[in-house]
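Let me begin by presenting the structure, written as structure tokens, before commenting on it.
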Amino acid sequence: MCPQGTALEPLRRMATPPERDIPVQTRSLTREPDPIGPSDDVPRVRRLASVIRRGAVMGDTMFLNNIIDSVADPILVKDADLRFLLVNQALCEFAGIPRERFIGMTDADLFPADQARTFNEMDRRVLNTGRPNINEEDLLHADGSTRTIRTTKTMFVDDDGGKVLVGIFTDLTALRATQRELEAANKRLSELAHRDSLTGLPNRMAFEDALTTTTHGAQRHGEVFSVLFMDLNGFKQINDTYGHGVGDELIRATATRLAGVGRENDFVARLGGDEFVVIARTGGNVDARHLAERIATVIAEPFRLSKAEVCISISIGVANFPRDGIDGPELIRHADAAMYRAKRVTGHAFEFYDASQSLLAKRQFLLEHQLRRDVAAGQIDIHLQPIVQLDDGRVLGFEALARWCHPDLGTIAPVEFIALAEQSRIIDRLGEVVLRRACEFIAQQGKAGQYVSVNVSSRQLEEEGFVAQVLRVLAETGASPCQLALELTESALGTPAAAAMLQRLRDTGIVLFIDDFGVGYSNLMRLQSLPFDVIKIDRGFVNALEDDGAGVAMIRAMVVLASELGLGVIAEGIEHERQARMLRDLGVSRGQGYFYGRPAPVPHCHERLPRAAEIERPEQPAA
């Protein structure tokens, strides 16, 4: 593990949840013990029983009452006949029954028949089996309110062989209410993450999920479907002429028309900008052609907007499953290539994918060939984007971002070559090159420097040697693991093996970030079980801060969720001071974005490094 005083120590200290008794398992009336909390009640009951036995030997009832009255949680003690021997004041207040009425009575003497029968069956099972019982149930308080209570009941045998049952009750009402609120906020985040805020259509993430599901279903049932990739023609000119407000109005109107053209089982989504897609359950080329023709006709009709009447056209590329591709990424690529051909080459409203004429296919072949060579030669660079303290702009660390300059085509966009690396199965080697560059930068700084975070693909976690690779690079470069962070999306942890792999890395001192938080399938139950330290709020939520109150509410919910789970928070995509100020007010202390600095080559980043004496040191724990 890392010593005190490393650059990541403030994040790790922030990410360590306080010691507390808070179960977060799914509630049920009869269940196994919660992994956090309920199991702690059993030793508490054992200690209590030991005190009770000592008091019983002394024959001092007042002593026993004083002892159990000092405990805030309701407590009861019953004999082998399930008659009350002892109760504390907390139980008397909860039930609204004085102590003298409890002693010597059974549940049947004090409670309604159905409730008494339930208590008796539970208690008898504990006495017969000797095994503790932990149960969560709704009980009526004396004040008339219903409380969610966790009961822990344990059987003990005294020196004479007599059985004694000890029960302790913990009120979880407030905790469960908070948990339900967080789960509702989490559900809302998930809905927002899959919906385009401008048009209300499903967004890119929702489309990719739907395409994966459709592909798997078609493979199982031998079905055919089409992907239509669409792009508006002349949209930039309309934006430049009439302004972005009119442009947004046109996008919304286009979305409405597309949704109206699509059939009931078609899936219409907006990818971003002026790009739309349709998953059409067609019978092949004829059906896809008819749908493309209807779309082109509908879009060609004039749009009567608030400030102008405009006419546009649309370019459509069609790829059919399984002829043009057998998985989602391949179908998207080929539909996009067909759309490009319609827009730039033929000028037709739509084109079907034709591999023999695909410029994209040729480009990707050349790119993949050169990328393999450059990755093998280690000719991949990194740019570093600063991660700062929002209240004063102090640089705390950097995110390492891969950059590739093709010898003939120049700089290739990361979104293109990283996707290509994943598709061609060279992402593992590319990831190692980026990791090595980042670790070399860490080693140059020395142990007084800042941390660097590196993105990890889900495909890298599929490799059994990933942990060994990371540890080897750290050893060969001399970088401290305490100055390295790994960024992953939740979807990268699809298997227990992947989570176990990350836990091994975390145990060495490496910090783990959840990247793009809020756009995946964030789940309270799942998050609390994963070995993460920090969440990074996706830039989409930061951009929505000023749109309406929903953006503020979403980020506030994320901060609360992170706090409950003991995670640190970093906001991505901060582009101006107002966003930074709003984030600070919402409790976000760290962030990154163009407002603080664009990704820059490593030599430029050395200029932003503070002197060692200026680097924040965590407070040393008291001796």
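Within the set Leu331, Leu305, Leu271, the sole residue that is out of contact with any Asp or Glu (no Cβ under 7 Å at 6 or more places or on another chain), open to solvent by less than 30 Å² (accessible area, probe 1.4 Å), among the aliphatic types (A, V, I, L, M) and at pLDDT 90 or above turns out to be Leu271. Inspection of the stretch 353-369 finds a residue satisfying the criterion of being among the aromatic types (Phe, Trp, Tyr) and either on the phi > 0 side of the Ramachandran plot or crowded, with 23+ Cβ neighbours inside 10 Å (or both). Answer yes or no as to whether Val434 is of a type in the set (Val, Ile, Thr) and at pLDDT below 95. When the stated conditions are applied, Val434 does not pass them.
When the stretch 141-154 is filtered for residues that are assigned to a strand (DSSP E or B), over 18 Å from Asn88 (Cα atoms) and of a type outside the set (S, T, N, Q), only Arg147 remains.
A single entry from Ala421, Ala402 fulfils the requirement of being assigned to a strand (DSSP E or B), more than 18 Å from Val511 (Cα to Cα) and open to solvent by less than 20 Å² (accessible area, probe 1.4 Å): Ala402.
Scanning the stretch 446-465 for residues being open to solvent by 40 Å² or more (accessible area, probe 1.4 Å) and closer than 27 Å to His604 by Cα gives a total of 2.
Scanning the stretch 435-458 for residues that are in a strand (DSSP E or B) and among the polar types (S, T, N, Q), which turns out farthest from Thr477 (Cα to Cα)? This residue is Asn455.
Being under 42 Å from the mean Cα position of the chain (by Cα), among the basic types (Lys, Arg) and not in a helix (DSSP H, G or I) is true of Arg131. The listed residues are Ala184, Ala253, and the only one of them that is without any contact (Cβ under 8 Å) to a residue 40 or more places away in the chain and over 24 Å from Tyr340 (Cβ atoms) turns out to be Ala184. Here Leu258 fulfils each of the conditions (1) more than 17 Å from Cys311 (Cβ to Cβ); (2) at pLDDT 85 or above; (3) surrounded by 15 or more Cβ atoms within 10 Å (Cβ to Cβ) apart from (1).
From the set of residues in the stretch 424-434 that are of a type in the set (A, V, I, L, M, F, W, C) and assigned to a helix (DSSP H, G or I), which is farthest from Asp381 (Cα to Cα)? Per the stated criteria, the residue is Ile427.
The selection criterion, being modelled with pLDDT under 90 and either of a type in the set (Asp, Glu) or within 27 Å of Gly591 (Cβ to Cβ) (or both), does not hold for Ala421. Out of (1) farther than 30 Å from Met582 by Cβ; (2) within 35 Å of the chain's Cα centre (by Cα), what's the single condition that is false for Ala400? Unmet for Ala400, out of (1) farther than 30 Å from Met582 by Cβ; (2) within 35 Å of the chain's Cα centre (by Cα): (1).
Considering only the stretch 375-384, how many residues are part of a helix (DSSP H, G or I) and either among the β-branched types (Val, Ile, Thr) or crowded, with 19+ Cβ neighbours inside 10 Å (or both)? Count: 1. For the stretch 216-248, enumerate the residues that are touching a Ser or Thr at 6+ places or on another chain (Cβ under 6 Å) and open to solvent by 30 Å² or more (accessible area, probe 1.4 Å). Scanning the stretch 216-248 gives a single hit, Asn233. Do the conditions hold for Gly96, that is, is it surrounded by fewer than 14 Cβ atoms within 10 Å (Cβ to Cβ) and over 22 Å from Phe156 (Cα atoms)? In short, yes. Ala184 satisfies every condition listed in (1) of a type in the set (A, V, I, L, M, F, W, C); (2) farther than 30 Å from Asp287 by Cα; (3) at pLDDT 85 or above; (4) open to solvent by 50 Å² or more (accessible area, probe 1.4 Å) except (3). Taking the stretch 155-175 as the range and being part of a helix (DSSP H, G or I), touching a residue at least 12 places away in the same chain (Cβ under 8 Å) and surrounded by fewer than 16 Cβ atoms within 10 Å (Cβ to Cβ) as the test, only Thr173 passes. Candidates in the stretch 576-599 are the residues that are without any contact (Cβ under 8 Å) to a residue 24 or more places away in the chain and out of contact with any His (no Cβ under 9 Å at 6 or more places or on another chain); of these, the one that is farthest from Pro386 (Cα to Cα) is Asp585. Tell me, yes or no, whether the stretch 342-353 has at least one residue that is in a helix (DSSP H, G or I) and among the aliphatic types (A, V, I, L, M). Taking every residue of the stretch 342-353 in turn, at least one turns out to be in a helix (DSSP H, G or I) and among the aliphatic types (A, V, I, L, M).
The listed residues are Glu223, Glu191, and the only one of them that is charged (D, E, K, R) and under 31 Å from the mean Cα position of the chain (by Cα) turns out to be Glu191. Here Ala355 meets the list (1) touching a Cys at 6+ places or on another chain (Cβ under 6 Å); (2) modelled with pLDDT under 90 almost entirely, failing just condition (1). Evaluation of Arg263 against the conditions (1) under 37 Å from the mean Cα position of the chain (by Cα); (2) within 18 Å of Leu232 (Cβ to Cβ) shows that the sole unmet condition is (2).
The values are calculated or read from the model by the stated rules, or taken from the named source; none is laboratory data. Not measured: the values here are computed from a predicted model. Cβ: placed from backbone, ideal geometry, glycine included. Neighbour counts: every protein chain shown. Surface accessibility is based on the protein's heavy atoms, side chains included, excluding ligands, DNA and RNA. Shrake-Rupley method; radii C 1.70, N 1.55, O 1.52, S 1.80 Å.
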